[in-house]
Amino acid sequence: QVQLVESGGGLVRPGGSLRLSCAASGSKFDAVDMGWYRQAPGKERELVAIISSSGSTLYADSVKGRFTISRDNAVNTVTLQMSSLKPEDTAVYYCKLWSSRLGSYWGQGTQVTVSS
């Protein structure tokens, strides 16, 4: 059974930084894509950033230049480095993993709050 465990959320002031990590376990993770999504109160879940199995990345326009996604295939983790955080980045952040073989899986979510 695939499990995704996120960590690194918290409260940060505007302009600050946070680093989110997501560790995958329970299967062999070759050729999987991974990414981060977020959901703010009263809004739909939206894509933040994704990274393919080959390392190609895609970012939402709202986070380009501020967030960086990376992955370590040796330990099956994906990381989201967030800087220059804004109040509008406040949301629950979810890790996602998917492939044609495994299907798709979500983590439990981690809260990020940007407030002074």
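Readers should treat all values here as calculations from the given coordinates under stated rules, not as data from a laboratory. Because the structure is predicted, anything quoted here is derived from the model rather than measured. Counting neighbours? That spans all protein chains shown, and the Cβs are built from the backbone with ideal geometry, glycine included.
Odds and ends about this structure:
- Sorted peptide list for 92-98, 107-113, criterion being average Cβ within 10 angstrom, highest first: 92-98, 107-113
- FRET efficiency, Ser83 to Ser25 (Cβ-Cβ, R0 25 Å, nearest 0.05): 0.35
- Reach of Lys28 by Cα under 30 Å, taken over lysines that are not fewer than 8 positions away in the same chain: Lys96
- Ranking Ser84, Gln108, Thr57 by how far each Cα lies toward the positive end of the dipole of segment 51-116 (charges on Cβ) leaves Thr57 at the top.
- Only Lys, Arg, Asp and Glu carry charge here, each on its Cβ (+1 for the first two, -1 for the last two); on that basis the chain has a dipole of about 100 debye about its Cα centre.
- Under 15 Å from the Cα of Lys64 - aspartates and glutamates, other chains or at least 8 residues apart: Glu46, Glu88, Asp89
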